[in-house]
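Trainee: Just passing along the structure, written as structure tokens.
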Amino acid sequence: MGKGGGCVPSKKKVPSSAANPDASHPNASQNAPPIPTDDNPNSTTPSRNDVVSAESHPNSHPAPKLRIFIVFYSMYGHVEDLARRMKKGVDGVDGVEGLLYRVPETLPSEVLEAMKAPPKDTEIPEISAAELAAADGVLFGFPTRYGSMAAQMKAFFDSTGQLWKEQILAGKPAGFFVSTGTQGGGQETTAWTAITQLAHHGMLFVPIGYTFGAGMFKMDSVRGGSPYGAGVFAGDGTRGPSETELALAEHQGKYMAAVVKKLAQA
């Protein structure tokens, strides 16, 4: 063998039919199984039916729930009571969930103590303006201050400048619920003076109208709320929400969830 003998082909060439005995069979392609079979019943290898099923149902995972943020300020707990009941209404609609958030407090602790304001529930997180972008809909709740929203909620809206600049919230549905001390204290004006905040953001105001039915016409007891949204009369602070007021809040949550769901499916 010469110097390049490693490149000389062998004289004993093996026929292709000998290397592959089935290749010379006229029905070789028919005899070969299309998919290897597995006689082990406990095998984890997916069958053809499993593969076809997975391919025909690419979205078999459940869709994420639509999220309605219930964002509120509550000094004495009246608005918070409405918010909690409102979440129950939202959660009652399939495919939608309510998330409770409180806006940051602006008063110093010594002032709150002097006003005998109870401590806030730490399990409800404070929300930042940027977090609103993740909501599919928002329900804002606040007490009145001379017929308009409390300063704490106004300060929160004032912090949404970047969202306004980019119109991040445009097209998102939103609603209001309120608390007042007296019957003439702003059950309607507190909500409708807040609509300007939504208008500048391009948000969709969703009032409840008279969808609560007969409950909107009950006159046998004191009841907060209006076509603008749920409400509670706090009186001197010692009166809590009645069952009718809480039922209206629950209805508003369910109604908003239905609206958000319908918009998402459009």
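The values are calculated or read from the model by the stated rules, or taken from the named source; none is laboratory data. Keep in mind that this is a model prediction, so the values were computed, not measured. Note: ideal-geometry Cβ built from the backbone for every residue, glycine included; neighbour counts use all protein chains shown. Heads up: the accessible areas ignore ligands, DNA and RNA and are worked out on the full protein's heavy atoms, side chains in. Shrake-Rupley method; radii C 1.70, N 1.55, O 1.52, S 1.80 Å.
Trainee: Out of 194, 266, 174, 199, which single residue is within 23 Å of residue 152 (Cα to Cα) and either open to solvent by 60 Å² or more (accessible area, probe 1.4 Å) or over 26 Å from the mean Cα position of the chain (by Cα) (or both)?
Mentor: Residue meeting the stated conditions: 199.
Trainee: Follow-up. Determine the pairs where a residue that is on the phi > 0 side of the Ramachandran plot, located within the range 171-185, has a partner that is in a strand (DSSP E or B) with Cβ atoms under 8 Å apart, the partner being 6 or more residues away or on another chain.
Mentor: 171/204
Trainee: Count, please, the residues in the range 40-76 that happen to be modelled with pLDDT of 55 or more, surrounded by fewer than 19 Cβ atoms within 10 Å (Cβ to Cβ) and assigned to a loop (DSSP other than H, G, I, E, B).
Mentor: Residues in the range 40-76 being modelled with pLDDT of 55 or more, surrounded by fewer than 19 Cβ atoms within 10 Å (Cβ to Cβ) and assigned to a loop (DSSP other than H, G, I, E, B): 9 in total.
Trainee: Only one of these conditions is not met by residue 181: (1) farther than 17 Å from residue 101 by Cα; (2) modelled with pLDDT of 95 or more. Which number is it?
Mentor: Only one criterion is unmet by residue 181, namely (2).
Trainee: Could you give every pair whose Cβ atoms fall below 9 Å, whose first residue belongs to the range 104-125 and is more than 18 Å from residue 71 (Cβ to Cβ) and assigned to a loop (DSSP other than H, G, I, E, B), and whose second residue is open to solvent by 80 Å² or more (accessible area, probe 1.4 Å) and not aliphatic (A, V, I, L, M), counting only separations of at least 6 or pairs across chains?
Mentor: Listed pairs, sorted by first residue: 115/76; 116/76; 117/76; 118/76.
Trainee: Going residue by residue through the range 231-243, is there one that turns out to be in contact (Cβ under 8 Å) with a residue 24 or more places away in the chain, surrounded by fewer than 21 Cβ atoms within 10 Å (Cβ to Cβ), among the small types (Gly, Ala, Ser) and out of contact with any helix residue (DSSP H, G or I) (no Cβ under 9 Å at 6 or more places or on another chain)?
Mentor: Within the range 231-243, one or more residues are in contact (Cβ under 8 Å) with a residue 24 or more places away in the chain, surrounded by fewer than 21 Cβ atoms within 10 Å (Cβ to Cβ), among the small types (Gly, Ala, Ser) and out of contact with any helix residue (DSSP H, G or I) (no Cβ under 9 Å at 6 or more places or on another chain).
Trainee: Against the definition (over 16 Å from the mean Cα position of the chain (by Cα), of a type in the set (Val, Ile, Thr) and assigned to a helix (DSSP H, G or I)), how does residue 90 come out, yes or no?
Mentor: no
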